[in-house]
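Notes for the one structure printed next.
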Amino acid sequence: MNTDRTLEGDVLTDDVRFSIDDVCRGCRLEIEELEVLVEEGIAEPRGARRAEWRFSLRSVRRVRTAVRLQRDLGVNAAGAALAVELLERIAELERRQR
């Protein structure tokens, strides 16, 4: 049995932008659920109208974390927003400490 496999992929940087459909599909959200997360400041889309929204990789990561908090722990959107902020601050402090 040959176990050698080559994996291919793209490196994503924060200059990549994702559409509202990309985010909803990737995070298994309805558009209305994503709108609530945007209202709470979890994600910061670029674009004036919802149809034009584009999200950074950072925003997508924040949405994914918030969704896990909501689904796994039953945290509401406001609580998820606070938790995401605190988790980012902790990660930044840990990076500085190294």
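Every number here is computed from the coordinates shown, using simple stated rules; none is lab data. If you're wondering where the values come from, they're calculated on a predicted model, not measured in any experiment. All Cβ positions, glycine included, derive from the backbone under ideal geometry; neighbour counts span all protein chains shown.
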Out of R25, R54, R49, R58, sole residue that is surrounded by fewer than 10 Cβ atoms within 10 Å (Cβ to Cβ) and of a type in the set (K, R): R49
Let me spell it out: the conditions are (1) in contact with a strand residue (DSSP E or B) (Cβ under 6 Å, 6 or more places away or on another chain); (2) surrounded by 14 or more Cβ atoms within 10 Å (Cβ to Cβ), and V63 meets all of them except one. Which number is the exception? (1)
Those residues of segment 51-68 which are in a loop (DSSP other than H, G, I, E, B) and hydroxyl-bearing (S, T, Y), in sequence order: S56
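Name every residue in segment 69-85 that is surrounded by 10 or more Cβ atoms within 10 Å (Cβ to Cβ), free of Cβ contacts under 8 Å to residues at least 40 places away in the same chain and not β-branched (V, I, T), in order of residue number. Write out each step before concluding.
Of the residues in segment 69-85, the ones surrounded by 10 or more Cβ atoms within 10 Å (Cβ to Cβ) are 69-71, 73, 75-85.
Still in the running and free of Cβ contacts under 8 Å to residues at least 40 places away in the same chain: 69-71, 73, 75-76, 78-79, 82-83, 85.
Those that are surrounded by 10 or more Cβ atoms within 10 Å (Cβ to Cβ), free of Cβ contacts under 8 Å to residues at least 40 places away in the same chain and not β-branched (V, I, T): L69, Q70, R71, L73, N76, A78, G79, L82, A83, E85.
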Please specify each residue of segment 88-98 satisfying the condition of being of a type outside the set (S, T, N, Q), over 13 Å from the mean Cα position of the chain (by Cα) and not in a loop (DSSP other than H, G, I, E, B). R89, I90, A91, E92, L93, E94, R95, R96
